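**Q** Below is one structure. I have some questions about it.
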Amino acid sequence: MPSPAEGREIAAAGGVVWRAAGSGIEESGIEVAVVHRARYDDWSLPKGKLEPGEHALQAACREIVEETGLAVVPGRRSLTTRYDVEGVPKRVDYWLMRCAGGTFLPNDECDELRWLSPADAAALVTHEHDREVLADAARTDLPPEVRLLLVRHGKAGSSDRWTGPDGERPLTAAGEEQARRLADVLPLFGPGAVVSATPLRCRQTVAPLAGRLGGTVEEHPEWGEPEFGGDPQRALETALRLLDGPGVTVVCSQGGTIPTVLQALGVHGHGVPGLLPPAAKGSVWALGGRPGALVADYYRDVAPPDPSGGR
């Protein structure tokens with residue numbers, strides 16, 4: 001008879017909450033937060049299970065607030081750890097999370113928090129999988145934060161069945177749902193501007209997000225396919241400027257533009273030079289750093305996990 005746990009997976013998410021140590025991250029490195037859980041009498045990184053309808057990034061930010069009282073801004077994606085809990089496989093997705101304020105108060109989940117160097121935190125934590133995540137957070141070859149969220153527009157139906165100008169082809173109901181999910185998740189990154197290519201389906205994809213942020217969608221024609229084909233260097237230069245910051249910018253573009261810009265930045269499909277990176281409809285690339293030291297995290301979608309246990 002199959003085990004009751006067979007086919008199940010506990011989905012959880014957490015973060016390495018960091019702040020600059022000393023006078024700045026470049027000079028003095030970072031400190032990270034580790035918490036003591038009285039229930040287990042262990043030291044660990046803050047994390048917790050996903051709630052129904054949550055994307056893992058939403059769960060990570062929520063759990064950190066609940067366990068530490070700290071406001072955080074997610075950056076690059078860190079490791080995924082896997083281990084068994086009473087015979088049931090558990091998966092925990094981690095992000096680097098910049099501390100943006102707040103104060104720790106002891107609570108039912110965590111009764112103590114310490115700010116430590118990554119090395120001291122690794123020496124204190126109880127579990128080996130936390131040490132692996134801390135080692136990744138201590139890397140100096142990649143920046144901890146992202147600056148550009150490059151979004152492919154949502155589903156817009158078949159161009160063959162659309163009789164009007166292609167630039168006026170709207171999102172389908174499925175595309176509108178993708179736009180709503182993007183508006184739920186992308187504010188976590190703290191974007192300060194929302195930019196779009198001129199086609200209606202691009203503007204519609206990020207309009208709910210801009211509304212959630214209390215702003216408007218800025219049209220930048222260089223991100224559209226015809227304009228990009230005529231002057232690809234313009235979009236690439238814009239991407240490089242946005243990667244320099246300050247702040248985080250969301251750009252909604254098209255499938256003929258995004259992979260080529262990414263490849264010019266040094267991002268390749270499956271890490272294979274010459275293979276175009278993916279850009280599914282409604283997907284997001286979270287980018288930070290510069291070519292040669294670039295963070296490039298691909299979010300195929302921002303929907304919650306499949307309730308049957310798939311991802």
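Where a number appears in this text, it was derived from the coordinates with a stated rule and is not lab data. These numbers were taken from a predicted model, which means no experiment stands behind them. Here the Cβ is made from the backbone with ideal geometry for all residues, glycine too, and neighbour counts use every protein chain on show.
**Q** For helix 128-137, what angle does its Cα long axis make with the longest principal axis of the chain, in degrees from 0 to 90 and rounded to 10?
**A** Between the helix axis and the principal axis of the chain, the angle is about 50 degrees.
**Q** Label region 10-137 by shape, choosing from rounded, prolate and oblate, from the square roots a ≥ b ≥ c of the eigenvalues of the Cα gyration tensor; if a/c is under 1.5 it is rounded, and otherwise prolate applies when a/b is larger than b/c, oblate when it is not. Working shown, then result.
**A** Numbers: a/c = 1.42, a/b = 1.38, b/c = 1.03.
Verdict is rounded for region 10-137.
**Q** Using the alpha-carbon centroid of each, what span in Å lies between region 37-58 and region 128-147?
**A** Rounded to whole Å, the Cα centres lie 18 Å apart.
**Q** Set the Förster distance to 22 Å, then compute FRET efficiency between LYS49 and ALA100 from the Cβ-Cβ distance, nearest 0.05.
**A** With a Förster radius of 22 Å, E is 0.40.
**Q** Provide, in order from the shortest bin, the percent of all Cα-Cα pairs of region 148-299 in each 10 Å bin, continuing until the bin that contains the maximum pair distance.
**A** All Cα pairs, binned at 10 Å, distribute as 12, 44, 36, 8, 0 percent.
**Q** For region 132-199, which trypsin sites (Lys or Arg not before Pro) pass both filters: DSSP loop (anything but H, G, I, E, B) and at most 13 other C-beta atoms within 10 Å?
**A** Loop-located and lightly packed - ARG139.
**Q** Which values of log₁₀ I(q)/I(0), to two decimal places, follow from the Debye formula for the chain at q = 0.07, 0.08, 0.11 Å⁻¹ with a uniform point scatterer at every Cα?
**A** With one equal scatterer per Cα and no solvent, log10 I(q)/I(0) is -0.30, -0.39, -0.72.
**Q** Under the 0.36 nm per residue contour assumption, what length would be gained going from the current alpha-carbon distance of ALA174 and GLU112 to full extension?
**A** Going from the current span to full extension adds 17.9 nm.
**Q** Let me know the charge dipole size of the chain about its Cα centre in debye, to the nearest 20, where only the beta-carbon of Lys, Arg (+1) and Asp, Glu (-1) is charged. Present the calculation step by step, with values, prior to reporting the outcome.
**A** On the way: 32 positive and 43 negative charges, 135 e Å.
Here the size comes out at about 640 debye.
**Q** Compare the Cα positions of VAL261, HIS220, ALA207 along the charge dipole of region 148-299 (+1 at Cβ of Lys, Arg; -1 at Cβ of Asp, Glu; about the Cα centre) and return the one farthest towards the positive end.
**A** The residue sitting farthest along the positive end of the dipole is ALA207.
**Q** Also, I was wondering about something else. Say R0 is 22 Å: what FRET efficiency, to the nearest 0.05, do GLU86 and THR126 get from their beta-carbon distance?
**A** 0.80
**Q** LYS49: which aspartates and glutamates have alpha carbons under 18 Å from its alpha carbon, excluding same-chain residues fewer than 8 sequence positions away?
**A** The qualifying aspartates and glutamates are GLU9, GLU63, GLU66, GLU67, ASP84, GLU86, ASP93, ASP108, GLU109, ASP130, ASP306.
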